[in-house]
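S.K.: Sharing a structure with you now.
The values are calculated or read from the model by the stated rules, or taken from the named source; none is laboratory data. In this text the structure is predicted, and so the values were computed from the model without any measurement. For neighbour counting, all protein chains shown are included, and Cβ atoms are generated from backbone atoms with ideal geometry for every residue, glycine included. Heads up: the accessible areas ignore ligands, DNA and RNA and are worked out on the full protein's heavy atoms, side chains in. Shrake-Rupley method; radii C 1.70, N 1.55, O 1.52, S 1.80 Å.
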Amino acid sequence: MKSAAVLAAAILLTTAACAPVVQGGPPVALPIGLQETAQVGSISMSSDWLNAEGDFSETFSDEVHEELQRCMWGTAPINVRIHIDQLHRADRLGVLLNGDGVHTLSGTVEFVDPSHGNRIVGRFPVSVATSAQGRVGGLLGDRQMMVSEEFGRAICDQAFGRNPRDRGPHNATRG
């Protein structure tokens with residue numbers, strides 16, 4: 001009896017970890033007032049299936065958080081929930097042979113206001129593609145970081161209408 005309860009708990013935890021954190025529904029524009037007062041709170045990520053290294057979730061959350069801190073400079077904490085639908089990273093050998101490649105990532109982003117019962121205040125799809133940055137970048141670059149940073153920057157652009165970084169070689173995606 002005790003082992004059945006442990007097995008049931010293990011199955012519940014395993015399936016709960018894969019459940020999307022995004023509630024879903026039609027796109028919802030972030031209110032203009034909130035665009036100026038929002039501050040990034042927590043970031044939650046989910047995916048039905050990702051073909052990625054084990055640390056992708058941590059890298060993704062860190063990079064997205066870093067980008068959002070640059071465009072959400074207000075004082076009202078807003079939590080961000082992201083469900084990743086698709087991830088493709090250019091193959092290192094292919095980039096070495098072809099001279100370049102593309103990393104892509106798509107998903108749904110929800111902004112949630114924890115001070116109002118976790119009410120969804122914004123929702124929209126995000127899809128990005130970024131260069132593998134040539135043979136050297138493709139061979140030695142951190143593919144997860146590049147595509148995650150680009151995704152965070154796209155969230156800033158779509159939700160707040162601003163790119164958090166100036167163009168130039170000071171970041172992983174150079175854009």
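S.K.: Find all pairs meeting these conditions: Cβ atoms under 7 angstrom apart; at least six residues apart or on different chains; first residue within segment 141-170 and farther than 14 Å from H65 by Cβ and open to solvent by 60 Å² or more (accessible area, probe 1.4 Å); second residue among the hydrophobic types (A, V, I, L, M, F, W, C) and at pLDDT 85 or above.
M.R.: Q158/F124; Q158/V126; N163/C156
S.K.: Here is a further query. Of these, D91, D157, which one is among the acidic types (D, E), over 17 Å from the mean Cα position of the chain (by Cα) and modelled with pLDDT under 95?
M.R.: The match here is D91.
Every residue, every condition in (1) out of contact with any helix residue (DSSP H, G or I) (no Cβ under 9 Å at 6 or more places or on another chain); (2) touching a residue at least 12 places away in the same chain (Cβ under 8 Å); (3) open to solvent by 70 Å² or more (accessible area, probe 1.4 Å), yes or no:
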site: I78; (1), (2), (3): no, yes, no
site: D91; (1), (2), (3): no, no, yes
site: S115; (1), (2), (3): yes, yes, yes
site: G122; (1), (2), (3): no, yes, no
